[in-house]
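Report on one structure; see the data block that follows.
Each reported figure results from applying straightforward, stated rules to the coordinates on display, with no laboratory input. Computed from a predicted model, the values in this text were never measured in an experiment. When we count neighbours, we look across all protein chains shown, and the Cβ atoms used for this are built from the backbone with ideal geometry, even at glycine.
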Ligand code: AMP
């Protein structure tokens, strides 16, 4: 297929407002690209319509900056056009495609020009595959003089372009295609063009992460070919994502919820094969022993292996079979306690001085999912099965007990809100972010942000409540006050406040009790703070003078006969002490009422 044809079609697609018509046009473009070259052009076109030169799974880029592209355009545009002129025009027009299309190309001599000067400004003889071969050559240029070589190659291409061709070439090179073709469009178009079910295309896309390859296979081998596509160890999969959600909703939606700690780190996907993982080799993946047994990818499928030697060592020590694991890498201090997310970032994309950075901040991986184990793809298995496999894979080599498997994120299965609260408190106590709620029956959906994984929603609006009571703890917490009774001011208290009188116990109405979100260390601190205010004790229960204000989060405010305010907080959690506030400044029943509404 000529590149001019591609450019023509791209222009028509860009001008088309209707989604269905866009799918039809992309489908026709793919069909017409099937011109007996084993699907090579189809493969390239399926990527180009989305503005991609390389498959989504590879970290490879053209490695050419905008200014090099402007320079190539300027050179192809003629001796009287400078890179600055191109930039000026860009500032005026705002879009590189329009800028490139505004020049008359062709006829410029120089290294890399293909001597096609009689074709000045006409374009028309450049094929899609020639463009692709040249861009790949450009991407591969490395070392001294490579930037010049890249500009030369690109100049050679622009020099052979018509206006429309130049427009789409410039956009492709700068990853700004923007003709309204999204991933769903190409998926549907592949189905339509090659008469294969869209679900089969979607599945093949999930495992391969390459629209080009899927289009070629659909053309060549149809549905059977697509169904035979599998995950490959070494080729990253898009990460499944989470939505915000509440415990209330999770327990309503599912019989039992899967509950895990939420680690505050950076997402990693670990690919390991003791016989060597597949690596990117131009158009395909090949297993290259010398490339090592492990690859680590970021959430965006960037290869971050070299920055994280601890993860590679972990894989060598713990994995005896090929596997793809999904998890989080967390920065830790000398005793292994987690450090804030910012610390991980210091390590994550580091290219130089990795050993030194490792001395400053150590990292540790924790895995919560298993996408592939020993030749078997698990994407379509329920979470419980995948997690069992994860545990087995991690234990196999080490023979550790289930509750102390290194690098395993534990998955609790429960329908008991109190137990979920306990898990949440333990997570916070261990220095983690909170909890994730997962549908135990759900499959792994790459790239999807759905309801099957929910991160517990941060509290929307917190309340400031007066602590009016507490209970002495039990066991190791016997010397700590806990389970704090929370109250808000009654509705008349505003008047009294203006009159300058203090809040008395009778001016307060209870709204609930908070016992979660508090670490042992914090309990000790709170006990010290509250003990001087104990008004009376009855067994384990104490009454407190109104003195201390807690900031409390919650999932919901419900009407309730249990508490004197007439409201109750659902899943109240301790956020902090408002030492800057007196009971007079606490929230009132009126605010509860408004928030409830
Ligand atoms: P967020 O980044 O706030 O959208 O939260 C989702 C992210 O939490 C995921 O992409 C993971 O990187 C991270 N995460 C931490 N712990 C877990 C876990 N147990 N399960 C799934 N994701 C987790």
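Key figures
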| read-out | value |
| --- | --- |
| Förster-model FRET efficiency, 35 Å R0, residue 426 and residue 59, C-beta, rounded to 0.05 | 0.40 |
| Extension gain (nm, one decimal) between residue 356 and residue 125, 0.36 nm per residue minus Cα-Cα | 77.8 nm |
| Cα-derived Rg to Rh of segment 350-408, Kirkwood definition | 1.13 |
| Inter-centroid distance (Cα atoms) of segment 256-278 relative to segment 444-516, Å | 36 |
| Cα centroid separation, segment 152-168 to segment 386-427 (Å) | 56 |
| Footprinting exposure proxy for 501, 493 (fewest neighbouring C-beta atoms within 10 Å first) | 501, 493 |
| Length added when fully stretched, residue 80-residue 579, from 0.36 nm per residue minus Cα-Cα | 172.6 nm |
| Centre separation in Å (Cα based) which lies between segment 527-547 and segment 11-81 | 71 |
| Tilt relative to the chain, helix 163-173 - C-alpha long axis, 0 to 90 degrees, to 10 | 40 |
| Pair residue 477, residue 21: separation of 7 Å Cα→Cβ label points (nm) | 6.5 |
| Equivalent ellipsoid semi-axes - Cα gyration tensor, segment 342-473, angstrom | 30, 24, 17 |
| Dimensionless Rg over Rh [the chain; C-alpha; Kirkwood] | 1.09 |
| Segment 52-173 shape via C-alpha gyration tensor axes, a/c threshold 1.5 | rounded |
| Convex hull volume of segment 392-460 per residue (C-alpha atoms, cubic angstrom) | 141 |
| Rounded if a/c under 1.5, otherwise prolate or oblate - segment 258-401, Cα gyration tensor axes | oblate |
| Label point distance in nm, residue 2-residue 524, each placed 7 Å from Cα along Cα→Cβ | 8.1 |
| Segment 26-58 residues near the modelled residue 224 label - backbone nitrogen below 19 Å, point 7 Å along Cα→Cβ | 38-39 |
| Ranked 480, 211, criterion: other C-beta atoms within 10 Å, fewest first | 480, 211 |
| Nearest-ten-degree value, helix 183-194 long axis tilted from longest Cα axis of the chain | 50 |
| Simple label model, 7 Å out from Cα along Cβ direction - residue 148 to residue 345, nm | 3.9 |
| Against the rule of thumb 2.2 N^0.38 Å, how large the Cα Rg of segment 461-596 comes out | 0.99 |
| Cα long-axis angle, helix 417-429 against the chain (0 to 90 degrees, to the nearest 10) | 80 |
